[in-house]
Amino acid sequence: MRQNGFSQLYTKLKDILLYKTPTEPHRFVLGEGQDDTWEKSSSSPAALVEKQEQALTELRSFAQRLAAFMEETKNTIEAGNWKPEVQIKYEKFAKEFAQLSPIGLAYDNSQEDPLKLTVKLRLSENEEMLTRIYNLPDNKDVVIRKFVLPSQPETTAMAVFLEGLSDKKLINLIVLAPLMLLPREGMAEQGKGVIETFINTYIPGNQVKLAATFEEIAIGINGGDTAVFVDGTEQALIIETKGWEHRSVGRPEIEPSVRGSQVAFSETMRVNTGLIRSLMRTSDLTTEMLTVGKQSKTPCAIMYIKSIANPKLVAEVKRRVNGISADYVADTGILEQFIDDHPNIPMPVILSTERPDRVVPHISEGRVAILLEGSPFALVVPFSFISLFHSIDDYAFKPIPGSFMRLLRLVGFMLAAILPSLYLAISYFHQEAIPTDLVLAIAAARERVPFPAIAEILMMELSFELIREAGTRIPGMLGSTIGIVGAIIIGQAAVAANIVSPIMVVIVAVTGLASFTITDYRLSFGVRLARFGYLLLSATLGLVCVGAGIIVSLILVCSMKSFGVPYLVPVAPKVTPGFDVVIRGPVYSQENRPDEINPLEPKRQLNVSRRWLKHRKDGK
Amino acid sequence: MSYQSGKMGISEGMALVFMVTFVPVFQSIWSITIDRAEGAAWMIPVINGILTICVFLLLLYVMERVPGDLIDVSGKLLGRPVAMLIGLVYFAHFYIEAALLLREFAENTLLTALPYLEFSVAILFYSSVAAVILYIGIEPLARGAYIVMPVLVSGVLMVVIFLYPKFIFLQLAPWQGPGLTVVLINGVQVSGFNFGLLLLPILGRSLHDIATIRYAALYGFGLSILMRVVMLLGFTLVFGAGAGREKMLPFFEMTRAVYTSRYLQRIESLFILMWVIVGVLAIALTLYVSIYIIGRMFDLPTLRPLVIPATLVAAQIAMLPPDITSVLLLHANLITAWYNIGAIIIPLFIAAAFFVRRKGGKKTWPSGC
C-alpha cells in the first residue's frame, strides 16, 4: 500500500532514530587491539617457554649427533681405519660445542631481533634464522638453493638470494658452477679455511666479502647479492650478483639544455655516481655510503671533493642523513624534506637536479651531492636563491648572452609573482596610474563582463593551473597538446562568453609564460602559491598590501638558511661575490670559489688562467 | 631573536641606519624646513648631518677605548643608574618615533592611496606587518633592508631626474636663503632628526666591532644625507620656497608632478609600494630598537614576548593625537628639542665623562659587558 507523505516521514524518522540489526555482515574496522602483533611478545611467559624449548631442542640435537659421532669414532679406532675426515668432524663439533655454551645460548635467547645474531655453524640453524628474518615460506621472493660441495667429507651449503633483484645467470656462473664443480682434493687439504679458499680460489666474482652477522647478510641479500652459507663455518659469503631491471641512462626531461650534455641520471645510484665520476676524474672525489630508512635500508651516497669541501659541511650532511628515523625514504624529494632547514616554506633550499653536469660544478666549488638509490635526481647542498636562476646553458654560452638569460629569468620570476596582483591593485585602487587611452580600452573591454576583476583573475588562474596539472598528468605527447589546445580554447571561449575580458587573458598568459622561465619546478610552485597570496592582498588594500606582502616575503626569505648558509647569499648577507651571481663574468675571470661555503681551497684557478696570452707576450 | 648575536656586518648596519634616517624623505617635515630656510633648505641636512656624524665619531672614539655597547659604556663611565636613565631616554626616543611613524604612515596612506580606508584599520595594518617582521628577527630585517636600499635610492633619483624638465634654477635664489646664520641655527636645531644613527652603538653587540659601526654609519648615514639633499634640491627646484612650504607630502607631490609623456604620467601610485616598504621597515626597526633597549636594561633572555605588547601599545599611542596636524607639530617639536638629547647631548655627555675620568687617571676599562 502506498504510504502518504506523513507516513513516509514517520518511517524515515523511525529508521533514523530506532536501532536496527545490521543486515550486512560485520565490516572490517582497522582499530587498535591487543592482538595487533605478528608474533607473541618476547616478554610473555609463552614466548619465554618457547625460547627455552628451542634451546633445549638444540642441546638435545647436538647431544644426539655427538653420541653418533663418538660411536662412529670408536668404531673407526677399533677397526684401525683412521681417516682425516674424523679429525675435521671433531673440530666442527668442538666449534659447535663452543657456540652452545651457556653464555652463547643466553645471548641468543635474549635477542628479539634475529638480525643481531651471528651466523651459526649448522646450516639448518642458519636456514631457520633466515626463515624468521624473511618470513618464510610466506615470502616467495627469497630463494634458498641448497647444494652439496664435492669435498671430503661432503659438505652441504646453501645459496640465498632474492628473486628479481639478483642476476640468475650470474649466480649460476659465479656461485653455483664453481662451488658445485670444485675439485675434491683441494677441499680435503684445506679443511678449516674453506671459506677463504672459496674466495681466493673458486669464486670468480669481482666483489666477495665475508659476513658474520645476519644483519650484514640481510643488507647484502636485500641489495641483490647472494649469500652462501657452508655447513660448519661461522661466516657467510656475500657475492655481488646485483641484476635488477632498470632504466638506462636517458636524456634530461625536466632540465633540457641547448648546448649542455644530454645525459641524465637514472634510478640506479651506482650508475649515477659513475656518471659524476666520469665528469670529475679526481682521486679526491669521495663517495661515502650511508643507509636511509629503518625498513627500506635505501643506500644513499654522499659525494664531495675532500680537498675542497668544508669538513664541517660534510659532517653536517652526514649528521642529518644519519639522523633520519623513518621506515622508508622513497625518493630524493622525501629525503629533501627530512634534511631541509625550512620544510614548511615552499621555497627550495636544496638543489635537485637530474643533470650530472650540473652536479659536478657544484661539487668542484665545495658543495656536497646526495644521491639515493631509486631516484633519478641528485641533491646538492648548500644552495642559494640566486643559483636557482642559473642554468647549465649559462655556462655554455658567452658571458653576455649568459647574463641576459639570467636577467630574463629574474624578470620572469618577478612577473610570475606579482603581475596579476599589480594589475588588480591598479585597476581597483589606483586607476590614475594607467594611461588614459589604455584605461578607456580596458573599461570598454570589461563593460560586458559581469564579474569583478578578482573573480575574473581567479577563474583564469585556476583554469591555467588546471590545464597545467592536467598537462602533467596526461601521458605522453597528448599532455602538451591538450595543454596548448585547452588554453587557447578556454581563453577564446571565456572572452567570447563575456566571462573574462581580453586584457585578463593577456595578463594571465604573460604570467604563465613568465612562470615557465623559472628553471626550478619547486620554485615555480612556490611562486604560484605566492601569486595567489598577493592577489588576495591586492584585492584587500591594493598596492599598500602588496608592498607589505613583498617586504614580509623578502624578510622571510632573508631569514632562511641552507645547511647553515644564508639563502640570499652573496647579496644578503653580503660576502665577497664571485663573478657569477646574476651577471656572469667570463669563465677565465672566475678565479675564486664561492666565499660563503668556506671551501678548504678558495682559489678555483690561477689569476691568469689563459696562460697562452702570457706566452704570446713573452714572444714564445 | 636573541640580542647576543654579533652576526651583522657593515652592509646590514648600513642598511639599518639608512632605513631609519632615510624615512623622513617620505614625511611632511620638509615643508617646515623649506619654510624656514627657503632656497637654502638643501643645506639643512648637510649641516645637521655633519654635526651629528662628528658627535657620533667622538662617541666611537670613546667606545674604542671603553669596550661594550652604548649602555655598557654609559654604565662604565657614569654608573649603572645613569646608564639605565640613558637607556630609558633612548627607549623613549625610538618608541615615540615608532608610534609617530605609525600614525604618519597610516594618515599618509589615507591621503595618498586609500582615502576610504578606516584610520584604525590602517594603524592595525602597519602595526601587524611590523610585528610579523619583528617576529622574524633583526638580522633578516637588516638584510631585507639592504636589498631594498638600492631600489629606494634609484626611485628617488628617478623621480628627480624625471622632474628635470620642470626645474627652475632660479628657485634656489637667493642661495643663502634667509641668511647663512639663520640656516645654520635651523640646521643645528634639527639635528635630532638623525638620532636614528645612534641605533648602531645601541645594537653594538649584534654588530662585529667598532670598525663595522664606523663604516656602517659613514656609508649608511652618508647616503641618507645625500638622498635628503637630492630630494630637497629637486623639490625646491620644482616648487620653490613659496609653493613648497604649502605641500603636505613633498615627495608625493614630486611624484605627482612627473610627466614625461602620455604613457609616463601619474606615477605616484607606483611609488606607494616603495612608500609602504620604507614605512614598514622603519616602524619595525624603531620598535625593535626600543624593545631591545628594554631587553638589555633588564637582561631579558629573549625579546619575542615583548613584540605584541610593545606593538599594541605603540598603536594605541599612535591613535592618541586628535588629528594629523597635531602629530606633525608634535613631531617637529620633538625633532627640534627632545631628539637632540639623544642625537647630540648624551653622546657629548658620555665623551665628556670619558675625558674627565681619563684626566682623573683611569686609563683602562674592563672588557665585556
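Report whether or not A:I488 is on the phi < 0 side of the Ramachandran plot, more than 34 Å from the chain's Cα centre (by Cα) and modelled with pLDDT under 90. Outline the logic, then answer.
On the way: on the phi < 0 side of the Ramachandran plot: yes; more than 34 Å from the chain's Cα centre (by Cα): yes; modelled with pLDDT under 90: yes.
In short, yes.
Taking the stretch B:324-354 only, how many residues are aliphatic (A, V, I, L, M), under 20 Å from the mean Cα position of the chain (by Cα) and under 18 Å from B:I71 (Cα atoms)? Result for the stretch B:324-354: 6. Just one of the listed residues (B:V160, B:V132, B:V148) is farther than 15 Å from B:I44 by Cα, within 14 Å of chain A (Cβ to nearest Cβ), over 20 Å from the mean Cα position of the chain (by Cα) and not charged (D, E, K, R), namely B:V132. Only a single criterion out of (1) more than 14 Å from chain B (Cβ to nearest Cβ); (2) touching a helix residue (DSSP H, G or I) at 6+ places or on another chain (Cβ under 9 Å); (3) within 24 Å of A:I350 (Cβ to Cβ); (4) assigned to a helix (DSSP H, G or I) is not satisfied by A:L513, namely (3).
Quick check on the stretch A:425-441: of everything there that is surrounded by 17 or more Cβ atoms within 10 Å (Cβ to Cβ) and without any contact (Cβ under 8 Å) to a residue 24 or more places away in the chain, which residue is nearest to A:L541 (Cα to Cα)? First the steps, then the outcome.
We begin by selecting, within the stretch A:425-441, every residue surrounded by 17 or more Cβ atoms within 10 Å (Cβ to Cβ); these are A:425-430, A:433-434.
Narrowing further to those that are without any contact (Cβ under 8 Å) to a residue 24 or more places away in the chain: A:433-434.
Working: A:A433: 16, A:I434: 18 Å.
Looking at the filtered set, the residue picked out is A:A433.
Going residue by residue through the stretch B:144-152, is there one that turns out to be touching a strand residue (DSSP E or B) at 6+ places or on another chain (Cβ under 8 Å), of a type in the set (F, W, Y) and part of a helix (DSSP H, G or I)? Within the stretch B:144-152, not a single residue is touching a strand residue (DSSP E or B) at 6+ places or on another chain (Cβ under 8 Å), of a type in the set (F, W, Y) and part of a helix (DSSP H, G or I). Looking only at residues of the stretch A:526-569 that are in a helix (DSSP H, G or I), β-branched (V, I, T) and within 12 Å of chain B (Cβ to nearest Cβ), we find that the one that is farthest from A:E596 (Cα to Cα) is A:T540. If the condition is being surrounded by 18 or more Cβ atoms within 10 Å (Cβ to Cβ) and either at pLDDT 90 or above or touching a helix residue (DSSP H, G or I) at 6+ places or on another chain (Cβ under 7 Å) (or both), then the stretch A:576-597 contributes A:V581, A:R584, A:R593, A:P594, A:I597.
When B:F26 is tested against (1) under 24 Å from B:T325 (Cβ atoms); (2) more than 14 Å from every other protein chain (Cβ to nearest Cβ), just one condition goes unmet, and that condition is (2). Has the stretch B:320-339 got at least one residue that is under 28 Å from B:L233 (Cβ atoms), among the aromatic types (F, W, Y) and more than 14 Å from chain A (Cβ to nearest Cβ)? Checking the stretch B:320-339: at least one residue is under 28 Å from B:L233 (Cβ atoms), among the aromatic types (F, W, Y) and more than 14 Å from chain A (Cβ to nearest Cβ).
Comparison of B:L285, B:L270 shows that the only residue that is crowded, with 22+ Cβ neighbours inside 10 Å and among the aliphatic types (A, V, I, L, M) is B:L285.
The condition (being surrounded by fewer than 23 Cβ atoms within 10 Å (Cβ to Cβ), among the aliphatic types (A, V, I, L, M) and more than 14 Å from every other protein chain (Cβ to nearest Cβ)) is satisfied by just one residue among B:L249, B:L264: B:L249. Just the residues that are in contact with a helix residue (DSSP H, G or I) (Cβ under 8 Å, 6 or more places away or on another chain), within 16 Å of A:R522 (Cα to Cα), part of a helix (DSSP H, G or I) and hydrophobic (A, V, I, L, M, F, W, C), please, taken from the stretch A:379-411. Of everything in the stretch A:379-411, those that are in contact with a helix residue (DSSP H, G or I) (Cβ under 8 Å, 6 or more places away or on another chain), within 16 Å of A:R522 (Cα to Cα), part of a helix (DSSP H, G or I) and hydrophobic (A, V, I, L, M, F, W, C) turn out to be A:L388, A:F389, A:L410.
I'm trying to understand the selection: among the residues of the stretch A:413-451, which are away from chain B (no Cβ under 14 Å) and at pLDDT 90 or above?
Within the stretch A:413-451, the first condition is being away from chain B (no Cβ under 14 Å), and the residues that meet it are A:413, A:415-416, A:420, A:442-451.
Answer for the stretch A:413-451, where residues must be away from chain B (no Cβ under 14 Å) and at pLDDT 90 or above: A:F413, A:L415, A:A416, A:P420.
Residue-level analysis places A:T519 among those that are closer than 30 Å to A:R358 by Cα, in contact with a His (Cβ under 9 Å, 6 or more places away or on another chain) and away from chain B (no Cβ under 14 Å).
With respect to the conditions (1) under 24 Å from A:L541 (Cα atoms); (2) away from chain B (no Cβ under 14 Å); (3) not β-branched (V, I, T), A:A487 falls short on a single one, namely (1).
Filter the stretch B:252-261 for residues that are in a helix (DSSP H, G or I) and within 14 Å of chain A (Cβ to nearest Cβ) and give the result.
Of the stretch B:252-261, the ones in a helix (DSSP H, G or I) are B:252-257.
Residues satisfying the conditions are B:F252, B:T255, B:R256, B:A257.
From the residues in the stretch B:267-315 that are assigned to a loop (DSSP other than H, G, I, E, B) and more than 14 Å from chain A (Cβ to nearest Cβ), which one is nearest to the chain's Cα centre (by Cα)? Spell out how you get there, then give the answer.
Our first condition is that a residue be assigned to a loop (DSSP other than H, G, I, E, B); within the stretch B:267-315, this holds for B:270, B:298-303.
Those left that are additionally more than 14 Å from chain A (Cβ to nearest Cβ): B:298-303.
Values: B:F298: 25, B:D299: 26, B:L300: 26, B:P301: 27, B:T302: 25, B:L303: 22 Å.
Out of the qualifying residues, it is B:L303.
Of the residues making up the stretch A:157-178, those that are surrounded by fewer than 21 Cβ atoms within 10 Å (Cβ to Cβ) and out of contact with any Ser or Thr (no Cβ under 8 Å at 6 or more places or on another chain) are A:M158, A:L162, A:E163, A:G164, A:L165, A:K168, A:K169, A:N172, A:L173, A:L176, A:A177, A:P178.
The values are calculated or read from the model by the stated rules, or taken from the named source; none is laboratory data. The structure displayed is predicted, hence computed values, not measured ones. Cβ coordinates were reconstructed from backbone atoms using ideal geometry, including for glycine residues, and neighbour counts include every protein chain displayed.
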